[in-house]
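The next block holds one structure in the form of structure tokens; read it before the comments.
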Amino acid sequence: MSPNQSRGRLSFSKSPIVEEEAKQELTADFKQDLERMKAMQQRLELDPDEMEKMKSQNPVLLDDGVLHGIGYKSFEIMEILGHGAFGKVFKCKLKGKNTVFAMKVLKKAFLYKNKHLKYAITECNILKQAEHPYVVKMHYSFQTPDNLYMILDYCNGCDLAYHLNKKQIFEEAEARFFIAQIILAIEYIHGLDVIYRDLKPENILIDSEGFCRLADFGLAKENIGEKDFAKSFCGSPAYLPPEMLHSKGVSKSADIYQIGAVLYEFLVGFPPYYTENIKDLYQSIRTARLQVPKYISKEAKDLLNQLLQKRPDKRITLEKLKSHDFFKGLDWQKLMTKELRPPIHLKNEDGPDTNEANNEEYLFLKQQESKFIDKDYTQEN
Ligand code: ADE
């Protein structure tokens with residue numbers, strides 16, 4: 001595939017007829033969901049004890065001057081934004097206020113049935129403590145009998161998969177600016193002894209100023225120190241590091257490989273070794289030599305080779321990565337304080353129409369992207 005081919009077709013695709021069916025189902029499902037959420041919002045009366053608990057945990061002063069607890073009823077759903085692996089995300093605002101948030105809703109029954117509750121709890125734990133300019137902020141979390149809710153910063157610039165789809169590839173200066181913010185976010189996350197494990201353009205949101213926010217910590221793993229390994233086999237196929245495919249367990253350097261996979265995709269238009277055949281993909285991730293197009297600068301090529309090094313013990317470290325020639329002249333301190341301006345402004349109006357009726361193609365792509373594998377291979381061994 002060349003960089004000029006549409007990245008919109010980049011998925012482990014079904015045949016076109018199935019794609020068409022899935023698209024219709026999805027649109028209907030989304031409309032129903034939005035209606036159901038709105039209806040439930042009218043109906044839902046929270047248990048008074050639960051309400052009291054919420055009030056003490058999350059007090060907030062609304063326009064009536066009364067200190068309220070934040071719960072599901074505190075928000076007005078505006079529209080649907082997207083569809084993740086375990087739930088949906090809605091645009092919402094705090095009633096009586098104009099502040100807009102993203103509301104991530106996870107269905108408890110689904111999480112429980114699929115043994116995914118641990119991922120939701122981990123995501124919530126991590127986002128509760130995370131405070132970083134390039135990590136999406138969680139403002140509140142609460143639950144109803146059916147669902148778990150996370151109230152997050154609303155990023156109106158869409159995600160980098162969308163922008164990459166439109167632009168096909170980023171200029172090196174643009175790629176440098178975006179990946180540098182992600183490096184800072186991953187460095188911060190690693191400092192919390194967390195590995196992220198699901199880095200891909202879909203999980204990098206763009207805020208109103210054109211800066212990145214790392215989102216979706218559903219596959220992250222806590223309590224991973226420098227020498228620790230996480231044993232689950234999980235992630236999105238095209239971005240899996242070789243050590244994951246060797247079932248050896250992954251350490252923090254798996255995130256560094258994924259930084260490489262994302263940078264490669266920014267510059268080349270598709271992830272390294274990309275093919276629709278998953279067996280071939282895995283085989284190449286494990287054994288193939290990295291192919292880098294000729295138009296890539298020698299600094300970028302060298303960095304990609306060091307990031308996508310197959311042996312995690314030989315892979316470049318975050319510290320060395322930041323002083324690589326590819327980043328020459330970048331003031332990391334200024335980037336941290338957002339004193340650098342984005343080389344391209346990914347404007348709001350460039351984002352997709354979030355009205356679900358006008359947004360079928362984007363929603364369909366989101367559904368494709370949300371597929372991932374999750375298998376605990378320690379149980380098999
Ligand atoms: N989709 C998923 N999370 C989001 C967020 N925080 N803002 C906007 N869209 C999103």
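The values are calculated or read from the model by the stated rules, or taken from the named source; none is laboratory data. The model shown is predicted, which means the values in this text are computed figures rather than measured ones. When we count neighbours, we look across all protein chains shown, and the Cβ atoms used for this are built from the backbone with ideal geometry, even at glycine.
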Inset, instruction - Could you list, in sequence order, all residues of the range 297-316 that are part of a helix (DSSP H, G or I) and more than 14 Å from Lys252 (Cβ to Cβ)? - result: Lys298, Glu299, Ala300, Lys301, Asp302, Leu303, Leu304, Asn305, Gln306, Lys314
Inset, instruction - Just give me the residues in the range 148-162 being more than 10 Å from the ligand (Cβ to nearest atom), part of a strand (DSSP E or B) and modelled with pLDDT of 95 or more, in sequence order. - result: none
Legend entry - Considering residues of the range 129-146 that are touching a helix residue (DSSP H, G or I) at 6+ places or on another chain (Cβ under 7 Å) and away from the ligand (no atom under 16 Å from the Cβ) only, the residue nearest to Ser74 (Cα to Cα): Phe142
Legend entry - Residues of the range 82-92 classified as at pLDDT below 95 and over 15 Å from Asn203 (Cβ atoms), total: 1
Inset, instruction - With the checklist (1) at pLDDT 95 or above; (2) outside any loop (DSSP other than H, G, I, E, B) in hand, flag the one item His139 doesn't pass. - result: (1)
Inset, instruction - Please find, among Lys252, Lys248, Lys231, the residue that is charged (D, E, K, R), crowded, with 23+ Cβ neighbours inside 10 Å, within 25 Å of Tyr273 (Cα to Cα) and more than 14 Å from the chain's Cα centre (by Cα). - result: Lys252
Legend entry - Where a residue in the range 84-104 is touching a residue at least 12 places away in the same chain (Cβ under 8 Å) and its partner, wherever it lies, is of a type in the set (Ser, Thr, Tyr) and near the ligand (Cβ under 9 Å from one of its atoms), with Cβ under 8 Å and at least six apart: Lys91/Tyr154; Lys91/Thr354; Val100/Tyr154; Phe101/Tyr154; Ala102/Tyr154
Inset, instruction - Could you check, for the range 222-242, whether at least one of its residues is under 20 Å from Leu346 (Cα atoms), within 16 Å of the ligand (Cβ to nearest atom) and touching a residue at least 12 places away in the same chain (Cβ under 8 Å)? - result: no
Inset, instruction - Return the only residue of Glu35, Glu79, Glu131 being at pLDDT 55 or above, charged (D, E, K, R) and touching a Ser or Thr at 6+ places or on another chain (Cβ under 6 Å). - result: Glu79
Inset, instruction - Take Phe110 and decide whether it is outside the structural domain of Gln258 (by TED's automatic domain parsing), away from the ligand (no atom under 16 Å from the Cβ), out of contact with any helix residue (DSSP H, G or I) (no Cβ under 6 Å at 6 or more places or on another chain) and more than 25 Å from Asn223 (Cα to Cα). - result: yes
Legend entry - Residue pairs meeting the criteria (Cβ under 8 Å; at least 6 apart or on separate chains; first surrounded by fewer than 21 Cβ atoms within 10 Å (Cβ to Cβ), in the range 176-190; second among the β-branched types (Val, Ile, Thr) and not in a helix (DSSP H, G or I)): Tyr188/Val135
Inset, instruction - For Asn165, indicate whether it is away from the ligand (no atom under 15 Å from the Cβ), assigned by TED's automatic domain parsing to the domain that holds Asn98 and either at pLDDT below 95 or over 18 Å from Gly218 (Cβ atoms) (or both). - result: no
Legend entry - Residues that are under 25 Å from Glu187 (Cβ atoms) and either buried (at least 20 other Cβ atoms within 10 Å of the Cβ) or hydrophobic (A, V, I, L, M, F, W, C) (or both), drawn from the range 155-172: Cys155, Gly157, Cys158, Asp159, Leu160, Ala161, His163, Leu164, Phe170
